[in-house]
Amino acid sequence: MQIFQYLGATTRSGFAKLGRATFFLFHCLPGLIDVLQRPHLLIRQIYSVGVLSFLLITISGLFVGMVLALQGYYTLSDFGAEASLGIMIAASLVRELGPVVTALLFAGRAGSALSAEIGLMKTTEQLSGMEMMAVDPIRRVIFPRFLAGIFSMPLLAALFSAIGIVGGYMVGVGMLGVDEGPFWSQMQAGIDFYDDVVNGFIKSLVFGFVVTWIALFEGYDAMPTSEGISRATTRTVVNSAFSVLALDFILTALMFGDT
Amino acid sequence: MSNTYTQDTLVGFFVACGIAALFYMALQVSNLSSYLDTSDTYTITASFDNSGGLKVKSKVSVAGVTVGRVSAIKLDKNRYESIVEMQIEKKFNTLPTDTTASIFTAGLLGEQYVSLEPGGSDEYLQDGDAIDITQSAIVLEQVIGQFLFKKASE
């Protein structure tokens, strides 16, 4: 009997949380006005969310591209198809790895920081303090961070893919001796701008939205204790990773299903 | 103030890098740069018994050099033939009217493309002209079937 009680309570609290998260999202949308009036709020957040993730993303992209070139080369050389290395690296980076790995790194680097920051603001009653001064903290504090996350994520994913391709080129052409001509020409023949690059961009936009939303909501919804903040940070990373991977499947099925 | 100024500069640098990466992918990695401007091309058509795995944007080549791309593949409802419409670049406007169009496969498992073999006529194909002599795509199943049939009858 207790099992049913537990299941019911868990399901209900899950739905309640989703409802709160949706209200939270709609509540912060009017913050756009505040951001337009004070663009500096946004620039400061782009700095802490985007610029500080820059080095992590570029270095990870470089190594992912280099590993793809090595692994792809060993398999493709069995079939004498080393020339297809370029298209293999570019397709997997632009379509999948760029948006997904960037979103996972972004959740770990920026998402957890956002959760902890908002959670601590709530715990130390800074948010309540703002309310006392008739400043809506959701509009003033949360929305600039939200917008910064949505804005930074596609740029980071594009950087990741571009640097990854350069890394693949360095290993494939520089170290393994794949011919440079077909490396680029097959890549250009196989990657369609609208089907691949733009769809990858849309993917990263969606991931940026979801990861930032989860991070901010978990921080805002955290129990105002030190344990609550630590749990919120963990949940941010876990839920973001889960949502990104599940959404990736859905988006891939929608975008590349008919080709 | 200098601190916020540095921050602005770094954000600007970050945004510029992101946009540069997008441009890089558009121009160097994808085929955006090879999309043909239709104002520089003229259209010719060819009807095949079977256009096989030919697709829109498949390449059209003369002697191995890409001169254009397939722009549309339609079915002729009366003759049950496949009508392939091709955009050829204007600088290659000296294709004779008795040019032969064949559908070949690049490599054993590669993409299919249209190959044009120029004939000896003095007149050149104009915009909207049709190629009369065509050779259909080779369908592997048919070839294997014919081979087996020949073997069995021996």
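Tabulated data
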quantity: Point-charge dipole on Cβ atoms (K/R +1, D/E -1) for the protein assembly as shown, about Cα centre, debye to 20; calculated: 1900 debye
quantity: Alpha-carbon centroids, the range A:36-64 and the range A:208-259: separation in whole Å; calculated: 18 Å
quantity: Calculated SAXS-style log₁₀ I(q)/I(0) at q = 0.11, 0.12, 0.14, 0.15 Å⁻¹ - the protein assembly as shown, Debye, Cα scatterers; calculated: -0.92, -1.01, -1.19, -1.29
quantity: Relative exposure of A:Cys28, B:Cys17, judged by other C-beta atoms within 10 Å (fewest first); calculated: B:Cys17, A:Cys28
quantity: Proportion of all alpha-carbon pairs of the range A:1-153 beyond 25 Å (%); calculated: 52 percent
quantity: Rg [Å, one decimal], Dmax [Å, integer] - chain B, C-alpha atoms; calculated: 23.2, 93
quantity: Taking the C-alpha atoms of the range A:115-197, convex hull volume expressed per residue in Å³; calculated: 111 Å³
quantity: Cα-based Rg and Dmax for the range B:47-135, where Dmax is the largest Cα-Cα distance (Å); calculated: 12.5, 37
quantity: Karplus (6.51, -1.76, 1.60) ³J(HN,Hα), θ = phi - 60°, over the range A:5-18, in Hz, Gly and Pro reported as x; calculated: 4, 5, 4, x, 5, 5, 4, 5, 5, x, 5, 4, 5, 4
quantity: Highest to lowest packing among A:16-26, A:220-230, scored as the average C-beta count within 10 Å; calculated: A:220-230, A:16-26
quantity: Estimated Rh, the range A:40-252: Kirkwood, alpha-carbon pairs, angstrom; calculated: 18.2 Å
quantity: Packing-based order for A:240-252, A:156-168, A:201-213, using average beta carbon neighbours within 10 Å, highest first; calculated: A:156-168, A:201-213, A:240-252
quantity: Peptides ranked, highest mean first, by Cβ atoms within 10 Å: ranges B:92-104, B:120-132; calculated: B:92-104, B:120-132
quantity: The range B:78-138: trypsin sites (Lys or Arg not before Pro) in DSSP coil with no more than 12 other Cβ atoms inside 10 Å; calculated: B:Arg79
quantity: Charge dipole (chain A, unit charges on Cβ, about Cα centre) - positive-most of A:Thr75, A:Ala253, A:Ile142; calculated: A:Ile142
quantity: Sequence-distant residues sharing a close amide H with B:Gly52 (under 5 Å, placed H); calculated: B:Ala137
quantity: Cβ neighbours within 10 Å from other chains - mean over B:8-17; calculated: 6
quantity: Rounded to whole Hz, the Karplus (6.51, -1.76, 1.60) HN-Hα couplings of the range A:223-230, x for glycine and proline; calculated: 5, x, 9, 5, 5, x, 5, 5
quantity: Over chain A: helical MRE at 222 nm, DSSP H runs n ≥ 4 each giving -39500 (n - 2.57), nearest 500; calculated: -25000 deg cm²/dmol
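A short reminder: the numbers here are calculations on the coordinates, not readings from a lab. Model, not experiment: these values are computed from the prediction. We place every Cβ from the backbone using ideal geometry, glycine too, and count neighbours over all the protein chains shown.
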